[in-house]
1. What length, rounded to one decimal in nm, is gained on full extension from Asp95 through to Leu20, with 0.36 nm per residue of separation minus their alpha-carbon distance?
2. What is the magnitude of the charge dipole of region 4-251 about its Cα centre, with +1 placed on the Cβ of each Lys and Arg, -1 on the Cβ of each Asp and Glu, and no other charges, expressed in debye to the nearest 20?
3. Using the heavy atoms of the protein chains and a 1.4 angstrom probe, tell me the accessible area per residue for the chain in square angstrom.
4. Sorted by mean Cβ packing within 10 Å, highest first, what order do the peptides 57-67, 207-217 take?
5. How large is the translational diffusion coefficient of the chain in µm² per second when you combine the Kirkwood radius over alpha carbon pairs with Stokes-Einstein at 20 °C and 1.002 mPa s?
6. Looking at the chain only, what percent of DSSP beta bridges run antiparallel? Nearest 5 please.
7. Would you list, by chain and number, the aspartates and glutamates whose Cα falls below 19 Å from the Cα of Lys87, excluding same-chain residues fewer than 8 positions away?
8. Grab region 117-254 and count how many Lys pairs have their alpha-carbon atoms under 29 Å apart, sequence gap of 8 or more, or different chains.
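The values are calculated or read from the model by the stated rules, or taken from the named source; none is laboratory data. Computed from a prediction, not measured in an experiment: that's the story for all the values here. Methodologically, a virtual Cβ is constructed for each residue, glycine included, from the backbone with ideal geometry; neighbour enumeration extends over all protein chains shown. SASA here: full protein model, heavy atoms, side chains in, ligands and nucleic acids out. Shrake-Rupley method; radii C 1.70, N 1.55, O 1.52, S 1.80 Å.
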Amino acid sequence: MIDEIEITKLIVKNAIDDFLDNLEIDVAIAGGGPSGLVAAKYLAENNARVALFERKLSIGGGMWGGGMLFPRIVVQREAKEILDEFKIRYKEENDKFVANSIESVVKLASKAIDSGAKIFNGISVEDVIIRDTGLSGFVLNWSSVLVAKLHVDPLAIRSEFCIDATGHSAEICSIVQRKAGKLNTPTGEIEGEKSMWAEKSETLVVENTREVYSNLYVTGMAANAVFGSPRMGPIFGGMLLSGKKAAELILERL
Ligand code: 48F
């Protein structure tokens, strides 16, 4: 027998149990693009309790569309090992590795989930919790509530460490700058993303991956936006290496 009420109960009960299980965690990640997914995988496989909150229905961020909707990404040799770890297939040309952008997203997500990271979609980080020790959690709301501009109060989760993986907009760092004052940048503020310069940017994105406010790490394109570095277009080695570095930095402290 298939009963609609039973289906409803199964869905609501299981989804709520999952949410309740993730109210107090080791690492909360805002944003499910490539850098967030990679960070989630390395953290979770090292036994950290990780939850990733993604505003949209789909994780993957800016990776799905490759370059200008040509569904390919390019990865340089330094990050080849990460492609291999995630079992993403590629074609080698001129010491560069070309992978299908759709395959890349699904394999990043699948490994992150298999490693034990929890992914919550359709949820936006709209604010943060700040205590004397620094950032200590995210304030969350349904993205649909925010899109509809409904006046609904958010809820919160507590986390020992947080990661801003929100991409170009560096949303979590912007909130912290606005509400707490100083970030660990040269000016104490968000320096702002610069125009495309792939070679420079790919090195800088890894260097810029660090603690930007007490207990808040920044990764991926958000790291370059915060530290005033250029964008890079559809070369993704830096994103993957940045996500891995964010995980390693936090694992040293857990
Ligand atoms: O933009 P995005 O893919 O970030 P990334 O991991 O990778 C950047 C590349 O895709 C590309 C690039 C590399 O060549 O320049 O752009 O740095 O993914 C960011 C994700 O964060 C979500 C957003 O929907 C996207 O999926 N996001 C943004 N703000 C919030 C958020 C928020 N406040 N709460 C939850 N999710």
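1. Working: separation 75, 0.36 × 75 = 27.00 nm, distance 4.65 nm.
Roughly 22.3 nm would be gained on extension.
2. On the way: 28 positive and 33 negative charges, 86 e Å.
Magnitude of the dipole: close to 420 debye.
3. On the way: 12840 Å² over 254 residues.
Using a 1.4 Å probe on heavy atoms only, each residue of the chain averages 51 Å².
4. On the way: 57-67: 17.8, 207-217: 21.5.
For the peptides 57-67, 207-217, the packing ranking is 207-217, 57-67.
5. On the way: Rh = 18.4 Å.
It diffuses with D of about 116 µm²/s by this estimate.
6. Working: 24 of 43 bridges.
Restricted to the chain, the bridges split so that about 55 percent are antiparallel.
7. Glu45, Glu78, Asp95, Glu103, Asp114
8. Step by step, the pairs that qualify in region 117-254 add up to 16.
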